[in-house]
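One structure is given below, represented as structure tokens, and several questions about it will come after.
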Amino acid sequence: MGSEVKSDEDTDNKGQVWFVNHKFDHLVDEEAERHSDANVKNRLSALLLMRFAFKSLGVVYGDLGTSPMYVLYNTFPDGIKDTEDVIDALSLIIYTLTIIPLIKYVLIVCRANDNGQGGTFALYSLLCRHAKLRTIPNQDRSDEELTTYSHSTFHERSHAAKTKRWLEKHSSSKIVLLVLVLVGSSMVIGDGILTPAISVLSAAGGVKLDYPKVDNKSILNEKAVVLVAVAILVVLFSVQHFGVDKVGWLFAPIVFVWFLLIGGIGIINIWKYDSSVLKAFSPVHVYWFFRKGHTWPSLGGTEALFADVCQFPVLSIQIAFATVVYPCLLLAYIGQAAYLMKKPDHVHDVFYRSIPDIIYWPVFVVATAAAVVASQATISATFSLIKQAVALGCFPRVKVMHTSKKYSSHIYIPEINWILMILCVAVTAGFKNQHQIGNACGFAVVIVMLVTTLIMILIMLLVWRCHWILVLIFTVLSLLVEGTYFSAMIFKIHRGGWVPLVIAAAFFISMSVWHYGTMKRHQFELQSKVPIEWILVLGPSLGLVRVPGVGLVYSELANGVPHIFAHFITNLPAIHSVVIFVCVKYIPVYAVPEGERFLVKRVGPKSFHMFHCVARYGYKDLHKRDDEFEKNLFENLFRFMRLESLMDSCMASEVYSPCDQGDSKDDANLPDPHKVTTTFSPNSIVSVVSPEYTVRTMSSSQMISQDEIDELEFLTNSRDTGVVHILGKTVMMARRDSEFYKKILIDYIFTFLRKICRENNAIFYCPRECLLNVGQVIIV
């Protein structure tokens, strides 16, 4: 309530400008139109929507779908003493499925995506756009003019505005929010280790039963089951670098058949054994379950569900859950409960023992395949989350590889893949049973649910601008349910619950220390950047020898001359004839359209031949080896200089960026940059204007002065001579008088992370033959 959204005129203007302090009219480029709200309120035909719903089964619901293989066993690890306990547990499972996956995640949380991107960091990015919550202040006003940078303003007296002011005023609130995000993300990574372990181990457990016709004392004993599960996991992680394109089309049919099988088996068991279990739909049995002191059944898969929403429209995910997943899961659990009412001593293997003999082995094969699909979905969700964390400066730099030319969401991170494999195999071989892994998985799921609830409260206030009463209802109901589950899980820490705590603690320390070090390094860059007055005093030659060529000086500064430049020319009094300060910056949006990626401005007078270029990326974007970064940089620089020549009257703070829009009447007569193709060569500049556009009576030779032609020729010659990439190889150390904890964080943990993470040249894909590393020590 009480919010004031930006006007349509302002919204339409976003992402449509070329400006050199004055603004030029320009049509929204196709790339920007393709990215803007592509996943929100799409007009999909019924057939296409059903197709998406079917495909979402294999990507989104594999984890949740395999939970019937181990939930009831984890609920009664010590056996069933009273069959009424089965009904009580079934009642809790029914209402857990209804309240958490159905109502909370599918109907509410999945709608809180960032242009289709799900996950904890996606929500954090969404909040950072609606309030200044980032602890690293590297955002610029021009970033807010991006097409994909959607945010709103509020009435001063609204609850949203008051919440926004309070969060921005207190720096501690920003830190608390970041800690929440890191805790939730660490637990999701832990779940990415535990889910493949428990899913594959549960599926492989079917081979050791003496039912049907398999001797429990044969070679296929419990140890053999563990070996089979470990072998499957090793193969699964080993083939990750191939991607899932060639077999991905099988995922949805496998999971669909899986749901039909468990639903059908559930119907058979209800009819064959005991239909009285249907009284579990009475919520009274939930009360009796907790009163008897039973433990909570772990239903995983909800956070992975949310993390994978980027690949499908939200409506298709909701349809799939309501029509297939939810009813089939209910039938599966009710059928197992009916079986246990007659044979309670089979609780440890209730899933496989409740399968009719005639379809036992086909179900075993499908169960194993479904467990692999579920594990793959969890691994992919973990990769996606870590990529988002790297982009937002909350995770050490790792190599991110695309495994598909068609789908940008299919990625592979080698370092993380092998870490997940080692930990997953260690958990499987170490525990050897589903119960302790189930306790660990359940604890991780509860923590993630609580974190998601707390972040959703801010989303409802700042983004959705809900009435405070609705926010209060959501908060009370969510915390009531999840708080109860959390209190129950506390008593499971010594029975396996400590595993996600240890795993999450390791990742949390790594993420928080990396973010802390990145923040300190950025503060040093801001405080030690070179004053422009110092540059001007040096004169056009900068008091140095200007050698032919172009020097690309990389830094983290979006504005100003970085300290590394002064450090370089102080120790080596020579620099290239053209210097371009390059800042590769990630901003809290899911993607930056190609036409809006570069922000160029001049540093000093034209005779200095110095420029500053900011390359902006969203957390979904990937700086790839084959994306022609250097070529695009020079094209945008040439375009900036050409537009600059049209604004001779504006000599100060010239900036070019395709991210703003002006309404000057005179600007309407200037050429559309997307309709003008300019070729630069040492001897001539040829300007081709599209036939449908005419620039008054000005010819291209009148539009560009001879001085500009000379500068363009100079830049072209310098580029052809050679381009050198100058990167800083910094060593960060804490001051001698720093607190003890700061020395530990900076001198040991952060230094260790810097040594094991990818180098800058590997991240920026700088050619080694044109690379120059400049070492310097930073004292923070």
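Determine which single condition M647 fails, assuming it passes every other condition in (1) assigned to a loop (DSSP other than H, G, I, E, B); (2) crowded, with 17+ Cβ neighbours inside 10 Å.
Tallying (1) assigned to a loop (DSSP other than H, G, I, E, B); (2) crowded, with 17+ Cβ neighbours inside 10 Å, M647 fails exactly one: (2).
Condition test on E630, is it modelled with pLDDT of 65 or more and either under 34 Å from the mean Cα position of the chain (by Cα) or not aliphatic (A, V, I, L, M) (or both)?
Numbers: modelled with pLDDT of 65 or more: yes; either under 34 Å from the mean Cα position of the chain (by Cα) or not aliphatic (A, V, I, L, M) (or both): yes.
Taking the combined requirement at face value, the residue satisfies it.
The rows are residues; the columns are (1) at pLDDT 85 or above; (2) out of contact with any Phe, Trp or Tyr (no Cβ under 7 Å at 6 or more places or on another chain).
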| site | (1), (2) |
| --- | --- |
| G264 | yes, yes |
| W271 | yes, yes |
| V277 | yes, yes |
| S282 | yes, yes |
| K292 | no, yes |
| P313 | no, no |
| Q336 | yes, no |
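Within the range 132-150, can one find any residue that is part of a helix (DSSP H, G or I), surrounded by fewer than 20 Cβ atoms within 10 Å (Cβ to Cβ), modelled with pLDDT of 80 or more and not hydroxyl-bearing (S, T, Y)?
No, that holds for no residue.
Follow-up. Taking V347 as meeting all but one of (1) within 26 Å of K81 (Cβ to Cβ); (2) at pLDDT 90 or above; (3) in contact with a helix residue (DSSP H, G or I) (Cβ under 7 Å, 6 or more places away or on another chain), write down the number of the exception.
Going through the list (1) within 26 Å of K81 (Cβ to Cβ); (2) at pLDDT 90 or above; (3) in contact with a helix residue (DSSP H, G or I) (Cβ under 7 Å, 6 or more places away or on another chain), V347 breaks only (2).
Still on this structure: Take W258 and tell me if it is assigned to a helix (DSSP H, G or I), surrounded by 20 or more Cβ atoms within 10 Å (Cβ to Cβ), of a type in the set (A, V, I, L, M, F, W, C) and at pLDDT 90 or above.
Numbers: assigned to a helix (DSSP H, G or I): yes; surrounded by 20 or more Cβ atoms within 10 Å (Cβ to Cβ): yes; of a type in the set (A, V, I, L, M, F, W, C): yes; at pLDDT 90 or above: yes.
So W258 fits the description; yes.
Quick one: Y586 ticks every box in (1) buried (at least 23 other Cβ atoms within 10 Å of the Cβ); (2) touching a helix residue (DSSP H, G or I) at 6+ places or on another chain (Cβ under 7 Å) bar one, so which box is it?
Going through (1) buried (at least 23 other Cβ atoms within 10 Å of the Cβ); (2) touching a helix residue (DSSP H, G or I) at 6+ places or on another chain (Cβ under 7 Å) one by one, Y586 breaks only (1).
Among the listed residues T382, T484, T428, which satisfies the condition of being outside any loop (DSSP other than H, G, I, E, B), of a type in the set (V, I, T) and surrounded by fewer than 19 Cβ atoms within 10 Å (Cβ to Cβ)?
Matching residue, one of T382, T484, T428: T484.
Taking F474 and the conditions (1) outside any strand (DSSP E or B); (2) crowded, with 20+ Cβ neighbours inside 10 Å; (3) modelled with pLDDT of 85 or more; (4) among the aromatic types (F, W, Y), which numbered condition does it fall short on, given that it satisfies the others?
(2)
In the range 65-78, which residue that is hydrophobic (A, V, I, L, M, F, W, C) and surrounded by 24 or more Cβ atoms within 10 Å (Cβ to Cβ) is nearest to T368 (Cα to Cα)?
M69
Then there is this: Among residues belonging to the range 487-515 that are out of contact with any helix residue (DSSP H, G or I) (no Cβ under 6 Å at 6 or more places or on another chain) and closer than 30 Å to V390 by Cα, point out the one that is surrounded by the fewest Cβ atoms within 10 Å (Cβ to Cβ).
In this case the residue turns out to be V502.
Sort out which residues of the range 586-627 are among the hydroxyl-bearing types (S, T, Y) and within 21 Å of the chain's Cα centre (by Cα), and write them in order of number. If you could, list the steps in order and put the result at the bottom.
Step one: filter the range 586-627 for residues among the hydroxyl-bearing types (S, T, Y), giving 586, 590, 607, 617, 619.
Residues satisfying the conditions are Y586, Y590, Y617, Y619.
Okay, next question. Could you please find all residues in the range 68-114 being more than 25 Å from the chain's Cα centre (by Cα) and among the hydroxyl-bearing types (S, T, Y)?
Y70, Y73, T75, T83, S91, Y95, T96, T98, listed by residue number.
Then there is this: Filter the range 250-287 for residues that are touching a helix residue (DSSP H, G or I) at 6+ places or on another chain (Cβ under 7 Å), under 18 Å from P362 (Cα atoms) and not aliphatic (A, V, I, L, M) and give the result.
F251, F256, W258, F259, G263, G266, N269
Of the numbered conditions (1) within 15 Å of M456 (Cβ to Cβ); (2) at pLDDT 80 or above, G118 satisfies every one except a single condition; which is it?
(2)
Still on this structure: Output the residues belonging to the range 729-780 that are assigned to a helix (DSSP H, G or I), in contact with a strand residue (DSSP E or B) (Cβ under 7 Å, 6 or more places away or on another chain), at pLDDT below 80 and farther than 17 Å from E525 by Cα. First the steps, then the outcome.
Residues of the range 729-780 assigned to a helix (DSSP H, G or I): 740-756, 760-764, 768-770.
Remaining after also requiring in contact with a strand residue (DSSP E or B) (Cβ under 7 Å, 6 or more places away or on another chain): 746-747, 750, 760-761, 764, 770.
Now drop any that are not at pLDDT below 80, which leaves 760-761, 764.
Answer for the range 729-780, where residues must be assigned to a helix (DSSP H, G or I), in contact with a strand residue (DSSP E or B) (Cβ under 7 Å, 6 or more places away or on another chain), at pLDDT below 80 and farther than 17 Å from E525 by Cα: N761, F764.
When residues of the range 238-253 are filtered for being surrounded by fewer than 20 Cβ atoms within 10 Å (Cβ to Cβ), part of a helix (DSSP H, G or I) and touching a residue at least 24 places away in the same chain (Cβ under 8 Å), how many remain?
Here the count works out to 6.
Every residue in the range 365-385 that is in contact with a Phe, Trp or Tyr (Cβ under 6 Å, 6 or more places away or on another chain) and within 28 Å of V181 (Cα to Cα), please.
Pass one, the range 365-385, residues in contact with a Phe, Trp or Tyr (Cβ under 6 Å, 6 or more places away or on another chain): 366, 370, 373.
Residue satisfying the conditions is V373 alone.
Just checking, which of K81, K6, K41 is in a loop (DSSP other than H, G, I, E, B), basic (K, R), surrounded by fewer than 21 Cβ atoms within 10 Å (Cβ to Cβ) and modelled with pLDDT of 80 or more?
Residue meeting the stated conditions: K81.
The values are calculated or read from the model by the stated rules, or taken from the named source; none is laboratory data. From a predicted model like this one, the values you see are computed outputs, not experimental measurements. Cβ atoms come from the backbone with ideal geometry, glycine included; neighbour counts cover every protein chain shown.
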